[in-house]
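Novice: Got a structure here, written out as structure tokens. Questions coming.
The values are calculated or read from the model by the stated rules, or taken from the named source; none is laboratory data. This is a predicted model, so every value here is computed, not measured. Neighbour counts are summed over all protein chains in view; Cβ atoms, including those assigned to glycine, are modelled from backbone coordinates with ideal geometry. The accessibility values were calculated without ligands, DNA or RNA, using every heavy atom of the protein model including side chains. Shrake-Rupley method; radii C 1.70, N 1.55, O 1.52, S 1.80 Å.
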Amino acid sequence: IQSVVLAEREIKRLKNELGITSLAMPTSFRGQNSDEGNLLKIIEIAAKEDMSMSFHATYLNPVGIERYSRYYFMNSFGAPAETSIAMLSLIYSGIFDRYPEFKVSFTQGGGFAPYSIGRNGVRWGLDTAESRATKLSPEKYLKNCFVDCLVHDDLSFAFLLERMGHKNILIGTDYPFDWDHPGGSANWIRGMEHLSLDVRKDLLWNTASNFLGTKVPY
């Protein structure tokens, strides 16, 4: 990330020599959000190369870290907050106007962004220069955003499924760490018998296959 030139060279090598279809990036870099500096320039390169990109929260220095001294908030609250800012910043950067087929994914179920994006839509509707940085209202770009299922709660997941749709939710895991869903997130999804088998198949592997540009024998 320190060098856009070297990053572009490596991205093209990964794609053209190794057949890599997707990249991983931190949610922020040296205090800059995903719509700033080298981070956005490199994200644009990935979009131009038709590669998808996954964002993981900057774990050791999440936004607001000075407020997370107790209760393990650095992880339980800080990581989703970091993810939320990255997701919304990228939407407001206008990258999905410039590259409408670009696909990005976010851990922690997209953080708080799927739950609060209506507030962004209200601000966009007020037609101020700062809040109307995109052609469409922010929620219209959720179709470009994929999120993992790891929200650790049935009610939260039910909302996420309604908001994002099963075609935009990937299987997520923190295995072998203690933040994984008890029994494993795959077993959690398999146990949701109120969902159709086709929906569960999408959640378990088809959506990930689509995002990564790979093929699975199912």
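Novice: Go through the residues of the range 80-88 one by one and say whether even a single one is surrounded by 20 or more Cβ atoms within 10 Å (Cβ to Cβ), under 29 Å from Asn16 (Cα atoms), under 16 Å from the mean Cα position of the chain (by Cα) and of a type in the set (D, E, K, R).
Specialist: no
Novice: Name the residues in the range 49-67 that are more than 20 Å from Gly172 (Cα to Cα) and open to solvent by 30 Å² or more (accessible area, probe 1.4 Å), would you?
Specialist: Glu49, Asp50, Leu60, Asn61, Val63, Ile65, Glu66, Arg67
Novice: In the range 189-204, what count of residues is obtained for those that are open to solvent by 90 Å² or more (accessible area, probe 1.4 Å) and either in contact with a Ser or Thr (Cβ under 8 Å, 6 or more places away or on another chain) or acidic (Asp, Glu) (or both)?
Specialist: 2
Novice: Moving on. So the check is Cβ under 6 Å with 6+ separation or different chains; which pairs have a first residue in the range 1-13 that's within 10 Å of Ile45 (Cβ to Cβ) and a second one that's open to solvent by 50 Å² or more (accessible area, probe 1.4 Å) and in a helix (DSSP H, G or I)?
Specialist: Note: pairs meeting the criteria are Val4/Lys41.
Conditions (1) over 19 Å from Gly110 (Cβ atoms); (2) of a type outside the set (A, V, I, L, M, F, W, C), marked per residue:
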{"position": "Glu49", "(1), (2)": "yes, yes"}
{"position": "Ser52", "(1), (2)": "no, yes"}
{"position": "Ala57", "(1), (2)": "no, no"}
{"position": "Gly64", "(1), (2)": "no, yes"}
{"position": "Asn75", "(1), (2)": "no, yes"}
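Novice: Pick out the one residue from Ser156, Ser84, Ser105, Ser89 that is modelled with pLDDT of 95 or more and more than 30 Å from Asn187 (Cβ to Cβ). So that I can check it myself, show each step before the final result.
Specialist: Working: Ser156 fails: more than 30 Å from Asn187 (Cβ to Cβ); Ser84 fails: more than 30 Å from Asn187 (Cβ to Cβ); Ser105 fails: more than 30 Å from Asn187 (Cβ to Cβ).
When all the criteria are applied, what remains is Ser89.
Novice: Filter the range 171-188 down to residues that are under 20 Å from Pro114 (Cα atoms) and either open to solvent by 30 Å² or more (accessible area, probe 1.4 Å) or modelled with pLDDT of 95 or more (or both), then give me how many there are.
Specialist: So the answer is 2.
Novice: In addition: Given the residues Tyr72, Tyr99, which is the only one that is closer than 28 Å to Ser209 by Cα and hydroxyl-bearing (Ser, Thr, Tyr)?
Specialist: Details: Tyr72 fails: closer than 28 Å to Ser209 by Cα.
Tyr99 is the lone residue from the list that is closer than 28 Å to Ser209 by Cα and hydroxyl-bearing (Ser, Thr, Tyr).
Novice: Next question, about the same structure. Is there any pair with a first residue in the range 192-218 that is closer than 23 Å to Lys15 by Cα and without any contact (Cβ under 8 Å) to a residue 24 or more places away in the chain and a second that is in a loop (DSSP other than H, G, I, E, B) and open to solvent by 80 Å² or more (accessible area, probe 1.4 Å) whose Cβ atoms are under 9 Å apart and which are 6 or more apart or on different chains, and what are they?
Specialist: Asn206/Tyr218; Ser209/Lys215; Ser209/Tyr218
Novice: Tally up the residues in the range 136-153 that are over 18 Å from Asn187 (Cβ atoms), outside any loop (DSSP other than H, G, I, E, B) and open to solvent by less than 50 Å² (accessible area, probe 1.4 Å), please.
Specialist: Count: 7.
Novice: Residues that are closer than 26 Å to Ala24 by Cβ, at least 3 per element: which helices (runs of 4 or more DSSP H) completely within the range 178-218 meet that?
Specialist: Counting at least 3 such residues, we get 185-190, 207-212.
Novice: Which count do you get for residues in the range 79-135 that are not in a loop (DSSP other than H, G, I, E, B) and not β-branched (Val, Ile, Thr)?
Specialist: Within the range 79-135, residues that are not in a loop (DSSP other than H, G, I, E, B) and not β-branched (Val, Ile, Thr) number 30.
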